[in-house]
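The values are calculated or read from the model by the stated rules, or taken from the named source; none is laboratory data. Quantities reported herein were computed from a predicted structural model and do not represent experimental measurements. Glycine gets a Cβ as well: all are built from the backbone with ideal geometry, and neighbour counts include every protein chain shown. Accessible surface areas use protein heavy atoms only, side chains included; no ligands, DNA or RNA. Shrake-Rupley method; radii C 1.70, N 1.55, O 1.52, S 1.80 Å.
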Amino acid sequence: FGRWSSPRGGASFPGNLHLVLVLKPSSFLQRTPTDIGFRFSQEDFMIKMPVVMLSSVTDLLRFIDDNQLTSEFGGTLEFCHSDWIVLRTAIESFAVTVKEIAQMLQAFGTELAETELTDEANAIDYLLRSHTDKYRQLKVRSASWAGTPVLGQAAEEDSGEEKDVSQDWNTVQRLLAQLRDMEMAFDGFFEKHHLKLKQYLQLLRYEQNFHEVSSNLLRLGATVAQTDQLIKDLDALDKRDEMSRAQIIILHGHQLAANHHYAMALIVQRCNELRHHCDVLTAALRAKRAALARTRDLLLRLEEALRWCDEGAYLLANQLMDKCQSKDGAQAALRDIEKFQEGTPPPLSAGPQVLSQEYESILTPQLQVKCPCCWSSLIKSAPESCHLHLIETERIYVEELLAVLLGYRAEMDNPALSRLLPPILRTKKEVLFGNMPEIYKFHSRIFLQDLEGCLNNPEAVGSCFLDRKENFQVYKRYCQNKPRSEALWRQCCDCPFFQECQRKLDHKLGLDSYLLKPVQRLTKYQLLLKELLKYSTGDKGTSELQEALNAMLELLKSVNDSMHQIAITGYEGDLSDLGRVLMQGSFSVWISHKRGPTRMKEMARFKPMQRHLFLHEQALLFCKRREDNGEGCEKTVSYSFKHCLRMSAVGITENVKGDIKKFEIWYSGREEVYVVQAPTVEVKLAWLCEIRKILTNQQKVLQGLLFFCTAFLDLFIVFCRILCLNRPSSECEFSSLGLISLRWICPTLCDPRACPAVPALI
């Protein structure tokens with residue numbers, strides 16, 4: 001026992017201990033096993049306060065009143081120690097829970113205060129829902145403790161006992177009051193935060209709706225499809241759908257302002273702006289529809305002109321120069337071009353000035369970028385728009401390649417369409433499409449990204465072409481495969497498979513037009529570079545653009561030469577052993593042969609032979625051009641091999657009397673002489689320049705080889721002299737070997753008498 005307040009007091013230890021009373025067990029049964037042999041003395045208690053040893057309950061009553069003792073100690077106090085322990089445990093647990101709830105509320109409040117608000121409505125909506133769920137969970141937990149059994153126990157014991165029990169009741173009431181105060185404070189804070197978050201979400205959605213409605217008044221199409229869609233949207237707008245929506249948004253804004261929204265000034269401003277748009281919308285609808293209609297008409301006419309230009313470029317690209325060597329061929333080519341010109345679309349026939357005046361009111365920068373550079377004078381575009389057009393057309397080109405690969409090439413492996421696929425095509429995918437996947441990979445992953453990096457730096461376009469010059473070689477293989485692809489297409493162009501694929505892709509043109517896109521794109525690059533070069537001002541940018549243009553022109557020439565080379569037939573050997581094709585073209589040729597004492601002259605022939613010459617790095621080939629049966633583009637051109645002159649044995653005479661377009665190519669010391677007549681003086685000079693380069697390079701190689709041989713002979717002669725010096729000729733076993741070797745290596749330089757041992761042999 002201790003002299004402190006009753007064990008049923010309001011706190012665990014409300015006062016300090018002053019006296020300790022120790023009651024000795026009076027019977028054997030009251031002792032525990034550990035009590036046996038226990039000696040009661042003050043020294044056994046290590047405490048610094050008085051300790052009184054009591055031997056009976058009677059002694060205890062001298063220190064404590066009987067109304068403060070329970071019946072087992074002879075008192076009258078009604079008390080159950082186990083009930084008191086349960087009550088105290090519940091009260092203390094409740095106090096810990098109240099503290100935990102306070103900490104959770106504080107942490108949640110800090111989380112709410114520090115939450116960053118984004119400008120995404122979906123993110124704010126998620127925050128609202130998550131915060132509300134967490135708030136409800138906290139409310140449920142606090143409510144469950146508000147109805148805890150502790151209240152019932154404290155009230156039950158307080159109903160019929162002394163005022164000491166009221167201290168437990170006061171503790172519970174104090175904790176409950178603290179819990180209610182925290183809940184009320186947090187409820188107020190959460191309501192304000194929740195309201196602000198809801199208003200912020202309302203503001204975001206209001207702003208979004210406002211901009212959607214407002215932007216419909218400012219849109220203008222850049223393509224025919226976009227313009228058609230805008231016209232449909234405008235028709236819907238004319239039916240007052242957007243007008244009604246605008247009125248609803250204005251009404252909603254007034255409601256938000258009436259509810260004292262924290263962004264009231266901004267909302268009122270938006271309402272006024274939207275009302276202004278609504279006021280002018282009715283008058284703007286007619287003007288907008290007229291502008292869209294004129295824009296659509298302009299885009300259609302420009303697309304028609306662009307298709308015509310592409311077809312013309314293809315027609316010119318297929319006009320072989322050797323066809324124009326004869327009068328009939330030149331006239332046929334001229335007729336084809338004149339017939340094509342008869343179908344010139346109105347925008348081109350009327351002239352750019354007329355078209356510019358007609359559509360001047362709707363020519364926006366957006367439309368200027370979409371138009372080809374050849375229309376720059378028409379649309380009055382700024383110089384920097386040319387590189388934008390290059391980038392935009394590159395994106396379109398990549399999209400078209402992808403559409404062909406996915407919509408046609410990949411569909412050839414689709415089991416659902418296998419019944420529509422002709423048997424001849426099942427194993428000819430690589431023939432029909434060539435290396436188009438390789439071209440698409442290069443443009444989509446490399447070149448397009450390079451060009452997009454030049455959006456704000458047009459001068460860097462030239463370096464993009466120069467850096468990727470080797471990658472463009474993929475076009476050579478595609479163009480070489482093109483004749484095989486076209487022949488295969490002509491056999492299968494009417495099959496249902498291609499018609500079904502075209503329908504799915506919603507293409508107006510057939511697959512053959514898209515298979516031609518890489519060839520057209522390759523020829524168009526040099527036109528775009530010329531246009532960029534026209535407007536270029538920087539020294540570095542200009543030089544790089546010029547180099548890029550030269551590189552693309554050289555690539556076109558190389559591709560064109562290789563297209564002719566693959567058509568050579570009858571050559572026994574590998575054409576790749578002859579080196580690169582440097583030049584090719586058609587010429588008139590006279591041949592004279594020198595055979596023994598007689599000389600056969602073919603130069604006297606009135607009509608020369610028509611030959612197609614291929615100048616390789618190692619040889620010059622003479623071929624005869626042949627055309628298989630067919631009409632128009634279905635004609636197949638081949639070159640029948642006739643002669644091969646190794647460049648190591650070739651010489652030239654640059655001028656021939658009587659014709660400035662003629663020059664001589666002689667072979668093996670003029671054993672054979674070929675008089676070649678070029679179609680123009682310029683062609684003659686170009687060929688002579690290239691042949692001179694080859695001969696000069698070969699001469700340098702021969703001089704190097706001769707220098708090496710001379711040095712080797714000098715060393716060999718010195719070696720023989722050292723071995724044969726001061727030795728009898730009969731003992732010089734190297735004499736005959738040295739003489740034979742010298743004569744074999746260089747008979748004209750070897751003097752047999754140079755060796756001391758040679759006289760004996762002679």
What number goes with the only condition from (1) exposed (fewer than 11 other Cβ atoms within 10 Å of the Cβ); (2) under 30 Å from R205 (Cα atoms); (3) at pLDDT 80 or above that E116 does not pass?
-> (3)
Quick one: which helices (runs of 4 or more DSSP H) sit completely within the range 423-463 and have at least 1 residues that are closer than 16 Å to T393 by Cα and open to solvent by less than 70 Å² (accessible area, probe 1.4 Å)?
-> 436-442, 448-452
If only one of F606, F716 is at pLDDT below 90 and assigned to a helix (DSSP H, G or I), which one is it?
-> F716
Sole miss for V96 among (1) under 30 Å from T132 (Cβ atoms); (2) modelled with pLDDT of 80 or more; (3) among the aliphatic types (A, V, I, L, M); (4) open to solvent by less than 50 Å² (accessible area, probe 1.4 Å) is condition (4)
Output the number of the condition that T393 fails; it satisfies all remaining conditions of (1) modelled with pLDDT under 70; (2) closer than 24 Å to E452 by Cβ; (3) assigned to a helix (DSSP H, G or I); (4) open to solvent by 10 Å² or more (accessible area, probe 1.4 Å).
-> (1)
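Can you say whether M583 is closer than 29 Å to R626 by Cβ and either surrounded by 17 or more Cβ atoms within 10 Å (Cβ to Cβ) or at pLDDT below 90 (or both), as far as the supplied structure shows?
Criteria met by M583.
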Selection over the range 424-461 where residues are closer than 18 Å to V474 by Cα and not polar (S, T, N, Q) yields a count of 19
How about the range 54-91: which of its residues are under 21 Å from L19 (Cβ atoms) and in a loop (DSSP other than H, G, I, E, B)?
-> S55, S56, R62, F63, I64, D65, L69, G74, G75, F79
Pairs where the first residue, in the range 284-297, is more than 14 Å from Q226 (Cα to Cα) and the second is open to solvent by 60 Å² or more (accessible area, probe 1.4 Å), C-beta under 8 Å, 6+ apart | L285/D238
Residue hits (the range 567-580; closer than 12 Å to F614 by Cα and exposed (fewer than 15 other Cβ atoms within 10 Å of the Cβ)) are G579, R580
